[in-house]
Amino acid sequence: MPTHELSKMFDKLTYQRNFFELSRGLMFRKDILGSNEAYVFVLNRERKAAITMLFVFFPIDVIWLNSELRVIDVKERVKPFSFYIPHKGEARYFIEMPLNSVKKYKIKVGNRVLFPL
């Protein structure tokens, strides 16, 4: 299975680790498409980690990873103001990326995605 390195794909990685950061996510932010930035959400354990797009004004791509850094689910073109976006399996991380990143980098379920922790 292919391996992707986030630090080679994006100019900037922003980590979301604490409750406030995880809750806020991309709310009220500018579109990340021009900044080529990805947001890495680090959960305290593997679990369900559905997202919401309330007060996010632009579409994004999202991938969920397990503890082994394998992609367990992919959502492309997640619409702004979507209330509930679930995923398959239990995730330890999820990554919110600029629109069309999944297609551009050919990210698929089962791929590994590496990034500095």
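Side notes on the structure shown:
- Any hit, the stretch 1-12, residues being more than 14 Å from L114 (Cβ to Cβ) and under 12 Å from the mean Cα position of the chain (by Cα): no
- Residues that are under 10 Å from the mean Cα position of the chain (by Cα), among the β-branched types (V, I, T), within 19 Å of T14 (Cα to Cα) and modelled with pLDDT of 95 or more do not occur anywhere in the stretch 70-82.
- For first residues located in the stretch 9-21 and surrounded by 12 or more Cβ atoms within 10 Å (Cβ to Cβ), partners that are in a helix (DSSP H, G or I) and lie 6+ apart or on another chain with Cβ distances below 6 Å form the pairs M9/Y105; L13/L6; Q16/L22.
- Close pairs from the stretch 74-103: first touching a residue at least 60 places away in the same chain (Cβ under 8 Å), partner exposed (fewer than 14 other Cβ atoms within 10 Å of the Cβ) and not in a strand (DSSP E or B), Cβ under 9 Å, at least 6 apart: P98/G34; P98/N36; P98/K104
- Flag for I72 being part of a loop (DSSP other than H, G, I, E, B), of a type in the set (V, I, T) and in contact with a strand residue (DSSP E or B) (Cβ under 9 Å, 6 or more places away or on another chain): no
- On the stretch given as the stretch 50-69, residues that are within 22 Å of D11 (Cα to Cα) and within 11 Å of the chain's Cα centre (by Cα) total 6.
- In this structure, N36 qualifies as surrounded by fewer than 15 Cβ atoms within 10 Å (Cβ to Cβ) and closer than 19 Å to E76 by Cβ.
- When restricted to residues that are of a type in the set (S, T, Y) and buried (at least 16 other Cβ atoms within 10 Å of the Cβ), the stretch 70-100 contains 1.
- Subset of the stretch 9-33 (residues that are under 15 Å from I95 (Cα atoms), assigned to a helix (DSSP H, G or I) and either modelled with pLDDT of 85 or more or not aliphatic (A, V, I, L, M) (or both)): M9, E21, S23, R24
- Residues in the stretch 54-69 that are farther than 14 Å from K103 by Cβ, of a type outside the set (V, I, T) and either in contact with a helix residue (DSSP H, G or I) (Cβ under 7 Å, 6 or more places away or on another chain) or crowded, with 16+ Cβ neighbours inside 10 Å (or both): F58, W64, L65, L69.
- Residue in the stretch 34-49 that is in a loop (DSSP other than H, G, I, E, B) and under 12 Å from the mean Cα position of the chain (by Cα) present: yes
The values are calculated or read from the model by the stated rules, or taken from the named source; none is laboratory data. Treat the numbers as computed from the prediction; the structure is a model and nothing was measured. Here the Cβ is made from the backbone with ideal geometry for all residues, glycine too, and neighbour counts use every protein chain on show.
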